[in-house]
1. Would you mind finding the one in A76, A62, A28 that is in contact (Cβ under 8 Å) with a residue 24 or more places away in the chain and surrounded by fewer than 13 Cβ atoms within 10 Å (Cβ to Cβ)?
2. Would you mind telling me which numbered condition in (1) farther than 12 Å from F91 by Cβ; (2) in contact (Cβ under 8 Å) with a residue 24 or more places away in the chain; (3) basic (K, R) R50 fails?
3. Only residues that are assigned to a strand (DSSP E or B), under 24 Å from Y74 (Cα atoms) and among the charged types (D, E, K, R): list them for segment 9-52, please.
4. Considering each residue of segment 38-50, count those that are surrounded by fewer than 15 Cβ atoms within 10 Å (Cβ to Cβ) and closer than 13 Å to D64 by Cα, and give that number.
5. Give the residues of segment 56-83 that are within 12 Å of the chain's Cα centre (by Cα) and part of a strand (DSSP E or B), sorted by residue number.
6. Considering each residue of segment 79-94, count those that are crowded, with 16+ Cβ neighbours inside 10 Å and within 24 Å of A28 (Cβ to Cβ), and give that number.
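Rule-based calculations on the coordinates, nothing more; no lab input. As the structure is a prediction and not an experimental result, all values here were calculated from the model. Backbone-built Cβ (ideal geometry, glycine too); neighbour counts: all protein chains shown.
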Amino acid sequence: MRSTCLGMMAGNLVYGPTPSYPVAAAAARVEGEVKIQATIDRDGTVNAARVVSGPPLLRDAALDAVQHWRYKPYMAAGKPAPTGTMAVVDFELQ
């Protein structure tokens, strides 16, 4: 499993736990990427997230993981500011 953050916030990710593979998805041999649009607050916490695409059996696990990610705050004009990012969680069976 690989989790990444795209765009300008990629280098600001300080904590990004990977999700557990859902049992039903593993049993069904479901693999693939789940893309999540996340809004990051001034303090670096994810305050909103929504699934953009991905296999339905993997979506909840990816969304739950991304909601726990933490970032260094985005700085605009020298002050912390809210921003958005795209997260990708790639599920692959071994």
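1. Details: A76 fails: in contact (Cβ under 8 Å) with a residue 24 or more places away in the chain; A62 fails: surrounded by fewer than 13 Cβ atoms within 10 Å (Cβ to Cβ).
Within the list A76, A62, A28, the selection yields A28.
2. (2) is the only condition that R50 fails.
3. Of everything in segment 9-52, those that are assigned to a strand (DSSP E or B), under 24 Å from Y74 (Cα atoms) and among the charged types (D, E, K, R) turn out to be K35, R50.
4. Going through segment 38-50 one residue at a time, the tally reaches 3.
5. Of segment 56-83, the ones within 12 Å of the chain's Cα centre (by Cα) are 59-71.
Residues satisfying the conditions are R70, Y71.
6. Residues flagged as crowded, with 16+ Cβ neighbours inside 10 Å and within 24 Å of A28 (Cβ to Cβ) within segment 79-94 amount to 5.
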